[in-house]
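*Asks:* After the structure tokens below, expect a handful of questions from me.
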Amino acid sequence: MPKGILENAREAIEGKNLKIVFPEGSDPRILAAALRHKQEGLLIPIVLGDQGEIQKTADKLGLKLGDLKIINPQYSEDFDKLVEGFVEARRGKTSKEEAEFLLKTNVNYFGVMLIKEGFADGMVSGAIHTTGDTIRPALQIIRTKPGVNRVSGVMVMIGPKGNQLVFADTAVNITLESDELAEVAVETAKSAKSFGMDPYVALLSFSTHGSAHHDLATKVAKAKTRALEIDPDIKIEGEIQFDAAIDPETAAHKAPGSKVAGKCNVFIFPDLQAGNIGYKIAQRLGGYKALGPILQGLNAPVNDLSRGCSEEDVYEIAIITASQALNR
């Protein structure tokens, strides 16, 4: 079986000394994961927050902070440089006073600015913040990659036998039109490749090749055409039902002649409701481990945790974030 995403990511970042910032330093899950990384040396963690509060959390966990890098935004020696960079990045939309206030009171803005100014390579947040609170600073400061119009979120689904699937969009966009679905499909295929996969992409619907006639199915079919215009080499099928996408026998009946149907390992859901429901069904009924959401489309990696995340989730997402930073 091919190597999994975490094994590939570990090998990629070994010895690179990539710096990952954790804005929610007083959260026990965050601090425990950051200290684990500090001890292992796979990446360099930077924790934000009040030193006293972080020390209290460490004491409760029975952990020692040692020389873990902790930055209190209120007293950062680089504060003036970050303010200047913030104002410049916002291009007149934020005054110096507003920048000072945000950087002192909002750890996610401070963390993103550490990336912008080269003090960190990526950020992991969301244990106690909403997705919007995590993504908004990244969109305003780091922005999307050239040629990419939107951020989207993927879940890496690791099966009981170690098989690996990728689901998108599971985190950001409530609805997507044809062009937007196509862009998400192309970016997700790129993400899957970076995870060590050979992506076969399914644009999911309740219809396969016109078996049902509805605007929702037509939208998905048009997305395939657009995706192939963006990337003629992408292996993609749609509109297609999940059974035809993943099962070769069903594919032979529903999508005869397709070189992609029945082989798919990357699944693009038609909207956020479907994506969220789909990955949770696979997780709860299929025994799949859900790793993510992992954000794609940004100029630098900022990843959003679930507020129900575990220490292990934080630890693993930090490894993925560091590996994404290699592709900046």
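The values are calculated or read from the model by the stated rules, or taken from the named source; none is laboratory data. Predicted, not measured: the structure shown is a model, and the values here were computed from it. As a convention, Cβ positions derive from the backbone with ideal geometry for all residues, glycine included, and neighbour counts pool all protein chains shown. The accessibility values were calculated without ligands, DNA or RNA, using every heavy atom of the protein model including side chains. Shrake-Rupley method; radii C 1.70, N 1.55, O 1.52, S 1.80 Å.
*Asks:* Cross-link list K19/K69; K16/K38; K193/K235; K145/K289: which exceed 19 angstrom alpha carbon to alpha carbon?
*Replies:* Numbers: K19/K69 10 Å; K16/K38 14 Å; K193/K235 12 Å; K145/K289 29 Å.
Cα-Cα > 19 Å for K145/K289; rest within.
*Asks:* Follow-up. What does the helix-only formula give at 222 nm for the chain: each DSSP H stretch with n ≥ 4 adding -39500 (n - 2.57), the total divided by the residues, and the result rounded to the nearest 500 deg cm²/dmol?
*Replies:* Details: 13 runs with 149 residues, N = 328.
Dividing the helical sum by the residues of the chain leaves -14000 deg cm²/dmol.
*Asks:* Same structure again: Just one of (i) 116; (ii) 280; (iii) 133 is volume of the Cα convex hull per residue in Å³ calculated from these coordinates, so which is it?
*Replies:* For volume of the Cα convex hull per residue in Å³, the calculated option is (iii).
*Asks:* At q = 0.13 Å⁻¹, what base-10 log of I(q)/I(0) does the Debye formula yield for region 217-323 when every alpha carbon is treated as an equal point scatterer in vacuo?
*Replies:* Calculated log10 I(q)/I(0) at the listed q: -0.65.
*Asks:* Over the chain, with every protein chain in place, what whole percent of the accessible area is carbon and sulfur at 1.4 Å, could you tell me?
*Replies:* Details: 7380 of 15130 Å².
Heavy-atom surface of the chain belonging to carbon and sulfur, 1.4 Å probe: 49 percent.
*Asks:* Counting Lys and Arg as +1 and Asp and Glu as -1, what is the net charge of the other residues whose Cβ lies under 11 Å from the Cβ of D169? Each step should come with its number before you reach the end.
*Replies:* Working: positive: R150; negative: E180, E183, E187, D271.
Spelling it out: positives minus negatives among the neighbours equals -3.
*Asks:* Could you tell me which trypsin sites (Lys or Arg not before Pro) in region 254-299 are loop residues by DSSP with no more than 15 other beta carbons within 10 angstrom of their beta carbon?
*Replies:* On the way: sites: K254, K259, K263, K280, R284, K289; in loops: K259, K263.
The qualifying sites are K259.
*Asks:* Next question, about the same structure. Along the Cα→Cβ direction, 7 angstrom out, place labels at K93 and K259. What is the inter-label distance in nm?
*Replies:* 4.2 nm
*Asks:* Now, a different point. Can you give the net charge of the other residues whose Cβ lies under 14 Å from the Cβ of I236, counting K and R as +1 and D and E as -1? Please list the in-between numbers first.
*Replies:* Numbers: positive: K190, K193, K222, K224, R226, K235, K259, K263; negative: E183, E187, D198, E229, D231, D233, E237, E239.
Once all neighbours under 14 Å are counted, the net charge is 0.
*Asks:* Report the relative contact order of the chain, percent, no decimals, based on alpha-carbon pairs under 8 angstrom and at least 6 residues apart. Working shown, then result.
*Replies:* On the way: 670 pairs, mean separation 75.2, N = 328.
Relative contact order comes out at 23 percent.
*Asks:* Beyond 21 Å, what share of the Cα-Cα pairs of region 152-286 is found? Please give it as a whole percent. Before the final figure, lay out each step's value.
*Replies:* Numbers: 2977 of 9045 pairs.
Value for region 152-286: 33 percent of Cα pairs lie more than 21 Å apart.
*Asks:* Let me ask something else. Please give the length that would be gained between N299 and Y75 if that part of the chain were fully extended, namely 0.36 nm times their separation in residues minus their C-alpha to C-alpha distance (nm, one decimal).
*Replies:* Numbers: separation 224, 0.36 × 224 = 80.64 nm, distance 2.77 nm.
Here the segment from N299 to Y75 would lengthen by 77.9 nm.
*Asks:* Can you put T208, T175 in order of accessible area, largest first, using a 1.4 Å probe? Before the final figure, lay out each step's value.
*Replies:* Details: T208 10, T175 90 Å².
So, going from the largest accessible area down, we get T175, T208.
*Asks:* Something else about it: Keeping all protein chains in place, calculate the accessible area per residue for the chain (probe 1.4 angstrom), answer in Å². Write down the numbers at each step before the final one.
*Replies:* Working: 15130 Å² over 328 residues.
I get 46 Å² per residue for this part.
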